[in-house]
Amino acid sequence: MSIQVKFFASLRESLGQSETTVEQASTVTEVWDLATQSATPPNNLLVAVNLDYANMQSQVNDGDEVAFFPPVTGG
Amino acid sequence: MATHILDEDFQPYQWLSEFSQQMPAGRDGAAASFIGTMRDYNDDATVRTMTLEHYPAMTQRYLEQLEKQAKTDWPLNDCLIVHRVGEVFPGEAIVLIGCWSAHRRAALDACNWLIEELKYKAPFWKKEQNQSGERWVESNTDGL
């Protein structure tokens, strides 16, 4: 099993990594814990699974891409 | 319908003109547009440049989903979204939204909905560079 994990913007800088791989997880929460060595997630953390918004309880599967990022500020 | 993510300066009025020239003459009775440009100040600080980061695959997909949703919710004849990424300077355009319809209400309401949705959900992030260093913009203004 392999799940690609990405971090963006201020979260990428504070964690000191832009991407990593998680070998075994069934939920987004588990992905976060494994990818960040159980860092405390920010209150305003956003997450996407396979390019769609998801939440920390969302299920993940082999081959998924999970992205974590802060509130968006485009436009 | 069209979405474009550009990594260099663009001229929004030129884009509107060229895009609308491709449309059938006489089809649209209304066109509404929104253009967002970079200010040289924010929270009482002078901003010299700004860097726009994004999540490329999700951004493109999300903007296309927004366009499809707008065309489902309003009787739009056409729609255009253009957004900058990379280094932006004061006065340069950041975002352009254009909506065309038979009557004004659909174009105006869809344009307003699109910019609000984009600002709160499309995965772009601004980092400002000013005289004392740089800082991430933490949130967008609340529809002001």
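The values are calculated or read from the model by the stated rules, or taken from the named source; none is laboratory data. Please read all numbers here as calculations on a predicted model, not as lab measurements. Cβ atoms come from the backbone with ideal geometry, glycine included; neighbour counts cover every protein chain shown. Remember, those area values only see protein heavy atoms, side chains included, never the ligands or the DNA or RNA. Shrake-Rupley method; radii C 1.70, N 1.55, O 1.52, S 1.80 Å.
Which members of the stretch A:24-55 meet the condition of being over 21 Å from residue B:123 (Cα atoms) and within 12 Å of chain B (Cβ to nearest Cβ)?
None - no residue of the stretch A:24-55 is over 21 Å from residue B:123 (Cα atoms) and within 12 Å of chain B (Cβ to nearest Cβ), so the list stays empty.
Looking only at the stretch B:1-33, how many residues end up being among the acidic types (Asp, Glu), closer than 19 Å to residue B:60 by Cα and either in contact with a Gly (Cβ under 8 Å, 6 or more places away or on another chain) or surrounded by 14 or more Cβ atoms within 10 Å (Cβ to Cβ) (or both)?
Summing the residues that are among the acidic types (Asp, Glu), closer than 19 Å to residue B:60 by Cα and either in contact with a Gly (Cβ under 8 Å, 6 or more places away or on another chain) or surrounded by 14 or more Cβ atoms within 10 Å (Cβ to Cβ) (or both) in the stretch B:1-33 gives 2.
Any idea which of (1) in contact with a helix residue (DSSP H, G or I) (Cβ under 9 Å, 6 or more places away or on another chain); (2) within 14 Å of chain A (Cβ to nearest Cβ) is the one residue B:74 doesn't satisfy?
Answer for residue B:74: the failing condition is (2).
Which of the residues belonging to the stretch A:56-75 are away from chain B (no Cβ under 14 Å), closer than 13 Å to residue A:30 by Cα and of a type outside the set (Gly, Ala, Ser)?
Matches in the stretch A:56-75: A:56, A:57, A:59, A:60, A:61.
So which strands (runs of 3 or more DSSP E) are wholly in chain A and hold at least 3 residues that are open to solvent by 20 Å² or more (accessible area, probe 1.4 Å)?
Per the criteria, A:19-22, A:52-54.
Just give me the residues in the stretch B:85-127 being in a loop (DSSP other than H, G, I, E, B) and open to solvent by less than 20 Å² (accessible area, probe 1.4 Å), in sequence order.
B:85, B:122, B:123
Counting just the residues of the stretch B:128-144 that are within 11 Å of chain A (Cβ to nearest Cβ) and surrounded by 14 or more Cβ atoms within 10 Å (Cβ to Cβ), which one comes out farthest from residue B:36 (Cα to Cα)?
Within the stretch B:128-144, the match that is farthest from residue B:36 (Cα to Cα) is B:135.
Considering the stretch B:46-65 alone, what residues qualify as being assigned to a helix (DSSP H, G or I) and open to solvent by 10 Å² or more (accessible area, probe 1.4 Å)?
B:56, B:57, B:60, B:61, B:62, B:64, B:65, listed by residue number.
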